[in-house]
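Worksheet: one structure, shown below.
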Amino acid sequence: MKKLWTLFASSLLLASVSFAQDDFESEYEAQAEEQVADQPSDQFNDQTEDQFADQASEPAEEAEQASNTEAAPSQPVVPQYQAQDNTQATEPANTQNDDYAESKPAVNKTGFGLRLAFDYGRMFGFKDDLDNDSDISGTPSGFGFEGGLMVRVQMIPNLFFAPEINVAYISTNHEYMDHERKYTTTDLEIPLMLRGVIADKFYVSGGAQINLTINSKSEIDPIENSVLNFKIETTEKVEQATFGVGIVAGAGYNIVAGLFVDLRFYMGLSELYPDVKSLDDYADGDTAEEGEYSLVNMSGARMMKFKAGISYWFM
């Protein structure tokens with residue numbers, strides 16, 4: 001009997017534990033369902049939709065980029081900053097080239113023009129030292145002018161053959177025994193020069209010059225004596241040679257288009273009066289006829305000139 005009661009009590013205890021466990025599990029599941037129900041459904045739906053849209057758009061963008069690359073493979077992609085740098089680099093260079101082309105004067109290969117110059121001339125090379133002769137005031141010197149036609153022909157860039165034809169007049173004088181002696185000459189001067197252009201504004205020139213005498217005249221004051229009241233006209237003969245040569249060099253500057261100023265130096269190489277005799281040329285006993293001699297020994301006389309000119313090229 002006692003064993004039967006013990007078995008009945010054990011069965012009743014097991015049934016109580018099982019019933020209590022079932023009640024706890026049902027309450028836990030009910031609380032979990034209430035927490036899930038309390039979360040907002042809109043937030044969950046938005047997050048789900050955004051994730052789905054992002055996942056769907058990524059393949060579409062990759063496909064579009066691939067199609068663009070295949071459609072235009074030959075067009076290189078130039079960075080924007082590089083294009084701006086290239087534009088800024090080329091525009092000033094082009095502008096400078098255009099400005100230089102506009103400012104640089106156009107030079108024709110051939111051309112002609114006119115030139116006018118004022119001259120100062122002085123004789124030199126006398127065999128006798130006229131500067132130290134007490135009877136003579138010094139070597140003849142004086143002023144003149146010239147004008148004529150210029151021509152240029154280009155040989156190579158910046159180098160021209162530039163001949164000229166000028167008519168030159170000069171008058172020089174000095175005194176002998178307190179009497180003035182004046183020598184006037186009109187020449188046809190033909191400079192045959194080479195002209196080198198420097199920096200489109202300056203030029204230097206040099207070459208030979210041929211002189212052809214057009215007219216030569218000497219004016220010598222007569223010897224007068226107021227006390228004795230007499231006057232002796234001179235019969236001296238002082239005529240310049242008809243042909244002469246020399247060398248010439250100079251430089252010039254371009255003021256405006258076609259208009260130049262220049263300085264030039266000429267030195268004669270041939271004698272001015274090779275046929276004029278002096279009294280020293282006559283031997284003892286020879287008679288000097290009138291009109292065949294000069295009281296001043298003109299042997300060895302040559303001419304140098306300093307010239308300041310202005311010229312204009314018509315083409």
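The values are calculated or read from the model by the stated rules, or taken from the named source; none is laboratory data. Note that this is a predicted model, so its numbers are computed, not measured. Here the Cβ is made from the backbone with ideal geometry for all residues, glycine too, and neighbour counts use every protein chain on show.
What single numbered condition from (1) at negative phi; (2) surrounded by 13 or more Cβ atoms within 10 Å (Cβ to Cβ); (3) modelled with pLDDT under 90; (4) not polar (S, T, N, Q) fails to hold for G138?
Exception for G138: condition (1).
Given (1) more than 30 Å from E236 (Cα to Cα); (2) crowded, with 17+ Cβ neighbours inside 10 Å; (3) without any contact (Cβ under 8 Å) to a residue 60 or more places away in the chain, identify the lone condition not met by D187.
Of everything listed in (1) more than 30 Å from E236 (Cα to Cα); (2) crowded, with 17+ Cβ neighbours inside 10 Å; (3) without any contact (Cβ under 8 Å) to a residue 60 or more places away in the chain, D187 misses just condition (1).
Checking E164 against (1) at pLDDT below 95; (2) farther than 14 Å from E219 by Cα, which single condition isn't satisfied?
Failed condition: (1).
F143 is checked against (1) part of a strand (DSSP E or B); (2) surrounded by 14 or more Cβ atoms within 10 Å (Cβ to Cβ); (3) more than 27 Å from the chain's Cα centre (by Cα) and fails just one. What number does that condition carry?
(2)
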